[in-house]
Amino acid sequence: MNESGSKPWAGRFNEPTNAFVEAFTASVGFDRRMYKQDIAGSIAHATMLAKVGVLTTEECKLIVDGLKAIELDIQNDQFNWSVALEDVHMNIEARLTDRIGVVGKKLHTGRSRNDQVATDIRLYLRDEIDLIAAELQRLQTALLDLAAAHAETILPGFTHLQTAQPITFGHHLLAWFEMLQRDRERLTDCRKRVNVMPLGAAALAGTTYPIDRSETASLLGFAGIAENSLDAVSDRDFAIEFTSVAALMLMHMSRFSEELILWSASQFGFIELGEGFCTGSSIMPQKKNPDVPELIRGKTGRIFGHLMGLLTLMKSQPLAYNKDNQEDKEPLFDTVDNLKGCLRVFADMVPAIQVNKERMYAAAKQGFSTATDLADYLVRKGVAFRDAHEIVGQSVRYGIANKKDLSEMSLDELQQFSNVIDTDVFKVLSLEGSVAARNHLGGTAPQQVKAAITRARDRLKL
Ligand code: ARG
C-alpha cells in the first residue's frame with residue numbers, strides 16, 4: 001500500500017487528492033534541505049523506542065541502517081523526491097519502507113509530523129546558527145585587524161553627516177565591532193531557545209507509548225525538552241527570534257555598507273574597495289561601482305520582510321499545529337542563506353579595503369572640526385562654556401570669511417576673540433592633539449583605541 005507515491009494517510013479517503021492541491025500543499029521542494037536533521041531525528045527516535053521496548057533491537061537496527069543508507073542516497077543525488085509524498089518526512093519514511101519492508105512502518109510509532117517538523121527545524125537552525133556565529137567572528141576579526149592598522153589614522157567624525165570632530169579611523173571601525181558583538185550575544189541567546197526538543201509531543205497531546213524524552217534529547221544534543229506538548233508543536237517563536245536577530249544584523253551591515261559607499265565615492269575618496277568586490281558599467285568605462293555593499297544594503301529589505309512575514313504567519317493561530325506553519329520554512333531558509341552570504345562577503349571585503357589616509361586627514365582639516373577643542377581650552381582658562389561657545393562661533397565666522405581653519409590662524413588673529421588665548425592653543429587645535437585629548441575609556445584617542453582592540457580580541461573568544 002505504501003509504495004512511493006501513495007500517501008501514508010490515504011486510509012480514510014475515497015477520492016484522490018486534486019492534482020493541483022497536491023502540488024499546492026507540498027513542501028518537499030523546500031523542506032528537503034532538512035533531510036539530514038530529519039534522519040538524525042528519526043534515528044534518535046527509533047533508538048529511544050528500542051530502549052523503552054517499543055521496538056526490538058533488530059527492528060531498530062534495520063531502521064537505523066536503512067535511514068543511513070537513505071542519507072547516502074540523498075547525498076549522492078540518488079533519491080527520487082516525490083511531490084505526491086508531500087514533504088521530506090513522508091518521502092524518507094516511504095523510502096525506508098520500500099527498502100526494509102514492513103518494519104519501516106514502525107518508525108512513526110509515538111510520533112507525528114507535527115513534532116517531527118518542529119524538531120527538524122530546530123536542529124537545522126542550531127547548525128546554521130553555529131556557522132553564522134563563526135562568520136560573524138571572522139568579520140569582527142577583520143574589523144579589529146583593520147582598526148589596529150589605523151589606530152592613529154585621522155578622519156572627520158560626523159553628526160548629521162556634517163563634519164563634527166576629528167576621530168581616529170580605528171575608533172570608527174570599533175563602533176562597527178560593537179554592533180556585531182551585540183549581534184553575536186543575541187545569536188547566542190537565541191540559540192538557547194532554539195535548542196529545546198519538541199519531539200515526544202506527537203500530534204499535540206503527547207503519546208500513549210512509554211517514551212523517554214530525555215534519552216532522545218541527549219541523543220540529539222538538545223539542552224532542554226519542551227515542557228508542554230501543545231506549545232511544542234505550534235511554537236515558532238524561535239524562528240521569529242532568529243529572524244529578528246538577523247534583521248538587526250542586516251540593519252547594521254546596511255549602515256556599514258552605506259558608509260563604504262559614501263567613502264568610496266570620489267567626492268569623499270576616503271577608501272577604495274578591492275576590485276574583486278566591485279563591478280564596472282556596460283556603458284560608462286570609468287565606473288567602478290560598489291555593488292557588494294549596495295546589494296547588502298538592498299538585502300536588508302527582504303530580511304525585514306521575512307521578519308514581518310513570520311510574525312504575521314503566527315498571529316492569531318489557534319493552538320496547536322496548523323498547516324499555516326509550513327509557511328515558516330521559506331522565509332527562514334532565505335534569511336539564513338542571505339545572512340550567511342552577506343557576512344561572508346563582508347568578512348572577505350574588509351581586508352581588501354584600501355585606506356586613503358591623506359584624503360581623510362585633509363577632510364578632517366575642513367569644517368572647523370576642532371572648534372569644540374577651542375571652546376574646551378577657553379573653559380580650562382576660566383571662561384564659562386556658553387561664553388566660550390560664543391567666542392569660538394565668532395572665530396569660525398572669521399575663518400569662513402577668510403578661508404582659514406582655526407589651526408591656520410595666527411596667535412594675533414585668535415587673540416582678537418579672547419585675550420586668554422596663548423601659544424599653547426596650537427597643540428589643542430591640531431587634529432592629533434584633538435583626538436589624543438579624548439583619552440578615556442570609550443574615547444577616540446589612539447591609546448584608547450589600542451587598548452580597546454586588546455579587550456575586543458579577548459571578548460571575541462567568548
Ligand atoms: N510539511 C509540514 C510542515 O512543514 C509537516 C507537518 C505536517 N503536519 C500535518 N499535520 N499536516 O509543517
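Worth a mention:
- Test for L220: is it closer than 30 Å to L107 by Cβ and of a type outside the set (V, I, T): yes
- Positions within region 353-371 being aliphatic (A, V, I, L, M) and under 21 Å from D145 (Cβ atoms), in sequence order: I353, V355, M360
- Scope region 66-91; condition open to solvent by 60 Å² or more (accessible area, probe 1.4 Å) and touching a residue at least 24 places away in the same chain (Cβ under 8 Å); matching residues: K68, N80, V83
- Restricting region 134-148 to residues that are open to solvent by 30 Å² or more (accessible area, probe 1.4 Å) and touching a residue at least 24 places away in the same chain (Cβ under 8 Å), the residue that is nearest to the ligand (Cβ to nearest atom): E135
- Among the conditions (1) under 22 Å from L313 (Cα atoms); (2) open to solvent by 60 Å² or more (accessible area, probe 1.4 Å), the only one that E152 does not satisfy is (1).
- The C-beta contact set for region 271-284 (first residue among the hydroxyl-bearing types (S, T, Y), second residue open to solvent by 40 Å² or more (accessible area, probe 1.4 Å), distance under 7 angstrom, 6+ apart or interchain) comprises T279/D291; S281/K287.
- Residue list for region 318-357, filter: within 16 Å of the ligand (Cβ to nearest atom) and open to solvent by 50 Å² or more (accessible area, probe 1.4 Å): P318, L319, Y321, K323, D324, E327, E330
- Tabulated pairs, region 203-218, first in contact (Cβ under 8 Å) with a residue 40 or more places away in the chain and small (G, A, S), second within 16 Å of the ligand (Cβ to nearest atom) and open to solvent by 40 Å² or more (accessible area, probe 1.4 Å), C-beta under 9 angstrom, 6+ apart or interchain: A203/R113; A203/Y321
- Restricting region 286-317 to residues that are over 13 Å from the mean Cα position of the chain (by Cα) and among the β-branched types (V, I, T), the residue that is surrounded by the fewest Cβ atoms within 10 Å (Cβ to Cβ): T312
- Residues (within 16 Å of the ligand (Cβ to nearest atom) and either free of Cβ contacts under 8 Å to residues at least 12 places away in the same chain or part of a helix (DSSP H, G or I) (or both)) located in region 299-317: G309, L310, L313, M314
- Filtered by the rule that a residue be assigned to a loop (DSSP other than H, G, I, E, B), over 13 Å from S369 (Cβ atoms) and open to solvent by less than 30 Å² (accessible area, probe 1.4 Å), region 403-425 gives M409, S418, I421.
- Answer residue from region 239-262, given it is open to solvent by 10 Å² or more (accessible area, probe 1.4 Å) and free of Cβ contacts under 8 Å to residues at least 60 places away in the same chain and is nearest to V336 (Cα to Cα) among those: E241
- Summed over region 372-394, residues that are at negative phi and surrounded by fewer than 22 Cβ atoms within 10 Å (Cβ to Cβ) total 16.
- Residue match in region 426-443 (condition: part of a loop (DSSP other than H, G, I, E, B), buried (at least 19 other Cβ atoms within 10 Å of the Cβ) and of a type in the set (V, I, T)): no
- Residues of region 210-238 satisfying the condition of being open to solvent by 20 Å² or more (accessible area, probe 1.4 Å), among the aliphatic types (A, V, I, L, M) and touching a Leu at 6+ places or on another chain (Cβ under 7 Å): L230
- Helices (runs of 4 or more DSSP H) fully within region 1-94 counting 2 or more residues that are away from the ligand (no atom under 16 Å from the Cβ) and hydrophobic (A, V, I, L, M, F, W, C): 19-25, 35-51, 57-75
- Qualifying residue in region 114-121 (condition: in a helix (DSSP H, G or I), open to solvent by 20 Å² or more (accessible area, probe 1.4 Å) and away from the ligand (no atom under 16 Å from the Cβ)): no
- Residues within region 365-388 that are assigned to a loop (DSSP other than H, G, I, E, B), farther than 14 Å from Q162 by Cα and in contact with a Ser or Thr (Cβ under 9 Å, 6 or more places away or on another chain), tallied: 2
The values are calculated or read from the model by the stated rules, or taken from the named source; none is laboratory data. Computed from a predicted structure; not experimentally measured. Glycine gets a Cβ as well: all are built from the backbone with ideal geometry, and neighbour counts include every protein chain shown. Surface accessibility is based on the protein's heavy atoms, side chains included, excluding ligands, DNA and RNA. Shrake-Rupley method; radii C 1.70, N 1.55, O 1.52, S 1.80 Å.
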